[in-house]
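Here is the structure we will look at.
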Amino acid sequence: MKKQLIAAVVLLFSFTALAQTTPEKKDKKVTIVINSKFGFAKLNQTDLVTLNGNINGGDFLLSYSIGKNWDLAAGVGFMDFNANPIIAGNSASLKNSYLQIPLKAFGDFSIFEKEQSPSKIAVVFAGGFYANTLLKSEVKTLSGNSSEKNLGWNFGVTTQLGAKFTVSNDLDFEIGLESQIDLSDMKNKGVNRKIEQLNVLYVNLGFKF
C-alpha cells in the first residue's frame, strides 16, 4: 500500500509539470476513461460479523461532455474484496469478486486560470449510482476451499473528489478519492450481503476523441 501511494504521488507531480506546458487545442466531446483503485471497505453479511477488508479494482467508462464543465459517464467495473474472517473458530481467507455498472455525472472547475490561458489543472467532483453483482465468493480454510457464483444484485451510490491534469488535447490524468455505499442488500439462499464504507484512492487516464 505504501509503495502504491508513493508511485501515485510521483505520477501526480510528473503530470502537473506536463499539464502546465501543454498547448491549448479544440475541445473534444467523448472520453474513454480507464482507472485503477485500491483502498478499504466493510462487508456486512448475515452469517458473519462486519468484516474489514481491502479493495482492488478498476473501471472502463465512456464519458460524454454535456456542458462546459459537465460530463456524463457510464461503463463497467470490476472489484475484489479480500478479508480474513474467523469461521468455526478458525481463520479463513475470503475473496469476493464484483461486477459493477456505474452511471456518474462529473463536474470539473479549473484553478489558477488566466484570462488568455485556460488552466490545465481542475478540481473534479462526481456523483452517481451503480448496479452491483457478486460474481464469485471464495473461502479458503485449512480444512478446504469452497466457492459460490452469481450471488445476487443490489445498487448503491458513489461520490468522488479529485484533481485532473490536462496532459495534452488527447489525454487527461486524474487522481482522487472515491466513496461508495450499497443502498440495498444482495439476497441469495437466505444470506444478505452489502458493502459499507468503501473508500479508495483512484487513478484515471482519460483518452479524448
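The values are calculated or read from the model by the stated rules, or taken from the named source; none is laboratory data. This is a predicted model, so every value here is computed, not measured. Cβ placement follows ideal geometry from the backbone for every residue including glycine, while neighbour counts extend to all protein chains displayed. The protein model used for the area step is the full one, side chains on, heavy atoms only, and it has no ligands, DNA or RNA in it. Shrake-Rupley method; radii C 1.70, N 1.55, O 1.52, S 1.80 Å.
A few points about this structure:
- Residues of region 58-71 that are surrounded by 16 or more Cβ atoms within 10 Å (Cβ to Cβ) and either without any contact (Cβ under 8 Å) to a residue 12 or more places away in the chain or not small (Gly, Ala, Ser) (or both): ASP59, LEU61, ASP71.
- Of residues in region 165-184 being modelled with pLDDT of 95 or more and charged (D, E, K, R), the one farthest from LEU61 (Cα to Cα): ASP182
- Per-region count, region 72-87, residues touching a Phe, Trp or Tyr at 6+ places or on another chain (Cβ under 6 Å), under 14 Å from ASN132 (Cβ atoms) and surrounded by 14 or more Cβ atoms within 10 Å (Cβ to Cβ): 2
- LEU151 open to solvent by less than 20 Å² (accessible area, probe 1.4 Å) and outside any strand (DSSP E or B): yes
- When restricted to residues that are more than 24 Å from LYS149 (Cβ to Cβ), open to solvent by 10 Å² or more (accessible area, probe 1.4 Å) and not aromatic (Phe, Trp, Tyr), region 93-108 contains 3.
- Qualifying position, being within 21 Å of the chain's Cα centre (by Cα), open to solvent by 20 Å² or more (accessible area, probe 1.4 Å) and not aromatic (Phe, Trp, Tyr), among VAL123, VAL139: VAL123
- Just one of (1) without any contact (Cβ under 8 Å) to a residue 40 or more places away in the chain; (2) surrounded by fewer than 12 Cβ atoms within 10 Å (Cβ to Cβ) fails for ASN90. It is (1).
- Test result for THR46, open to solvent by 80 Å² or more (accessible area, probe 1.4 Å), at pLDDT below 50 and not acidic (Asp, Glu): no
- Residues that are polar (S, T, N, Q), surrounded by 15 or more Cβ atoms within 10 Å (Cβ to Cβ) and more than 17 Å from LEU99 (Cβ to Cβ) within region 186-198 comprise just one, ASN192.
- Criterion (in contact with a Phe, Trp or Tyr (Cβ under 8 Å, 6 or more places away or on another chain), among the charged types (D, E, K, R) and farther than 27 Å from PRO85 by Cβ) met by exactly one of ASP170, ASP182: ASP170
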